[in-house]
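Shown next, in structure tokens, is the structure this report addresses.
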Amino acid sequence: MINKLLIANRGEIALRILRACKELEISTVAVYSEADRDQMHVKMADESICIGPAEANKSYLNIPAIISSMELSGADGVHPGYGFLAENSDFAEQVEKSGYKFAGPSSSVIKIMGNKISAKRFAREAGLPTLPDSEGPVDSNPKKIAKKIGYPLIIKAASGGGGRGMRVVNSEDELEKKLDLTKTEAKAAFGDEEVYLEKFLTNPRHIEIQVLSDRFGNFLHLGDRDCSMQRRHQKIIEEAPSIGIPIKLKEEIYKKCISACKKLEYVSAGTFEFLYQDGGFYFIEMNTRLQVEHPVTESITGLDIVKLQLRIASDEELRIKQEEIELTGHSIECRINAEHSRTFTPSAGLITGFHAPGGIGVRVDSHIYNNYRVPPFYDSLIAKVICRANDREDCRVRLVRALDEMYVSGIDTNIDLHRELLVDQDFVEGKTDLNFVENKVKVPQ
Ligand code: ADP
């Protein structure tokens, strides 16, 4: 087992990882930027090291600072959480070369999946269903390629992520201008201007499959999640299991994901993301890390995904068999962001009052507390409220009850938006797709 783990992240996920370490009796090292001295996980870690100024590039994304913190503290393992360096293959490679344990797959796997073009190529070869696309970067003759795929289509940056670097094209006359724009933005945001074209689906759902595997050839799936409730291509409500999809179709896609994992020689937790429309699944990407929404899967499987990741990273064998994993009940998660409910404008500042909901079936993963100051530099996620119940409707009602109890003052949050969405009749009936939130929310101009 890892003796001392460095948590290369901040916020709720750093705290989540810290809690798993405590339960596994692993010592913890927190790293933090100058803006994050007051982070809850820093207070709770056995040791902590300041790794640089507020800007993520100089702290949480600063590979040399993190590797030297491992040396300094004597940590023998690192968990990257999500975001920041979680899918950076250079970081994973340096961790491997330095002989540290990494709570994630090998750097070569991260590299394949880190580029959307190579990820789709791999997926196709592994037998996963995909949407028609340009099958490589679009350099010359875009109109011809686009015509073959058919409009509408979506331009995607090969190195894009976090819902950025994408643009929908409805007709040929928009194509070249939007291609130039996306390339320029991709170069600025990701340092790579490579883009490709993919068929755009107009009203799909986002369904993803959680997988877990070790170094001993044990490959498991932990069922699926529906993450269709998104704003600006970013998830805000997630649930498990997805509803309304025939079990036979689900079983088929689980099987395909497992064989793709075997082909990849995948080790650790991972997620295959699909669009689902008219009975068809279409692979869009694989996340080679822990997902923000992993708690809904934990709620319906009873498994602790972070502890299992740490055990796998410590070269332990998974002691669970697929037939032993039961998906029971229903779970829904709301991402509480420090942002305006309508405009989605981020809201930093001092939290003057905070009360977390509780009671049966309610889990709150959050790093905030009374008098905590939300810094303006990072992701706006301040809490995840996750409910579990025997069925979807009980779970939904419980979540509404939990949000009614929740109180945050001093900054804007999207609690009201969540509440509105959860009581919307279409949500109640499970009629969710990727357009749901933006169709319901009237954003003032
Ligand atoms: P990222 O890596 O930025 O998360 P993804 O490729 O996973 O990008 O796509 C993010 C979201 O963008 C999806 O959940 C969906 O909302 C939308 N999207 C991506 N590809 C398509 C497509 N071909 N058709 C319709 N929507 C899409």
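Considering only the stretch 160-190, state which residues are part of a loop (DSSP other than H, G, I, E, B) and more than 11 Å from the ligand (Cβ to nearest atom). Break it down stepwise before answering.
Our first condition is that a residue be part of a loop (DSSP other than H, G, I, E, B); within the stretch 160-190, this holds for 162-163, 170-171.
Those that are part of a loop (DSSP other than H, G, I, E, B) and more than 11 Å from the ligand (Cβ to nearest atom): Asn170, Ser171.
Name the residues in the stretch 401-432 that are of a type in the set (Val, Ile, Thr) and without any contact (Cβ under 8 Å) to a residue 24 or more places away in the chain, would you?
Residues of the stretch 401-432 of a type in the set (Val, Ile, Thr): 408, 411, 413, 415, 423, 428, 432.
If the condition is that a residue be of a type in the set (Val, Ile, Thr) and without any contact (Cβ under 8 Å) to a residue 24 or more places away in the chain, then Val423 is the only one that fits.
Which pairs do you get when a residue that is in contact (Cβ under 8 Å) with a residue 40 or more places away in the chain and on the phi < 0 side of the Ramachandran plot, found in the stretch 358-381, comes within reach of a residue that is crowded, with 16+ Cβ neighbours inside 10 Å and of a type in the set (D, E, K, R), reach meaning Cβ atoms under 6 angstrom, with the pair 6+ apart or on two chains?
Cβ pairs passing all conditions: Asp365/Glu12; Asp365/Arg16; Asp365/Lys384; Ser366/Glu12; His367/Glu12; Ser380/Glu339; Leu381/Arg335.
Looking at Ser98, Ser108, Ser89, Ser140 in this structure, which one is open to solvent by less than 50 Å² (accessible area, probe 1.4 Å) and either away from the ligand (no atom under 15 Å from the Cβ) or not basic (Lys, Arg) (or both)? Give the steps one after another, and end with the answer.
Working: Ser98 fails: open to solvent by less than 50 Å² (accessible area, probe 1.4 Å); Ser108 fails: open to solvent by less than 50 Å² (accessible area, probe 1.4 Å); Ser140 fails: open to solvent by less than 50 Å² (accessible area, probe 1.4 Å).
Exactly one of Ser98, Ser108, Ser89, Ser140 is open to solvent by less than 50 Å² (accessible area, probe 1.4 Å) and either away from the ligand (no atom under 15 Å from the Cβ) or not basic (Lys, Arg) (or both), namely Ser89.
Report, by residue number, each residue of the stretch 252-272 that is open to solvent by 10 Å² or more (accessible area, probe 1.4 Å) and not in a helix (DSSP H, G or I).
Once the filter is applied, which keeps residues that are open to solvent by 10 Å² or more (accessible area, probe 1.4 Å) and not in a helix (DSSP H, G or I), the stretch 252-272 yields Glu265, Val267.
Please count how many residues of the stretch 341-357 are touching a residue at least 60 places away in the same chain (Cβ under 8 Å), surrounded by 15 or more Cβ atoms within 10 Å (Cβ to Cβ) and touching a Pro at 6+ places or on another chain (Cβ under 8 Å).
1
Got a number for residues in the stretch 17-27 being open to solvent by less than 20 Å² (accessible area, probe 1.4 Å) and more than 9 Å from Met44 (Cα to Cα)?
Within the stretch 17-27, the first condition is being open to solvent by less than 20 Å² (accessible area, probe 1.4 Å), and the residues that meet it are 17-18, 20-21, 26.
In the following step, the residues that additionally are more than 9 Å from Met44 (Cα to Cα) were identified as 17, 20-21, 26.
Residues that pass the stated criteria total 4.
The values are calculated or read from the model by the stated rules, or taken from the named source; none is laboratory data. Remember, predicted model here, so these are calculated numbers, not experimental data. Cβ atoms come from the backbone with ideal geometry, glycine included; neighbour counts cover every protein chain shown. We work out accessible area using only protein heavy atoms, side chains counted, and drop any ligands, DNA or RNA first. Shrake-Rupley method; radii C 1.70, N 1.55, O 1.52, S 1.80 Å.
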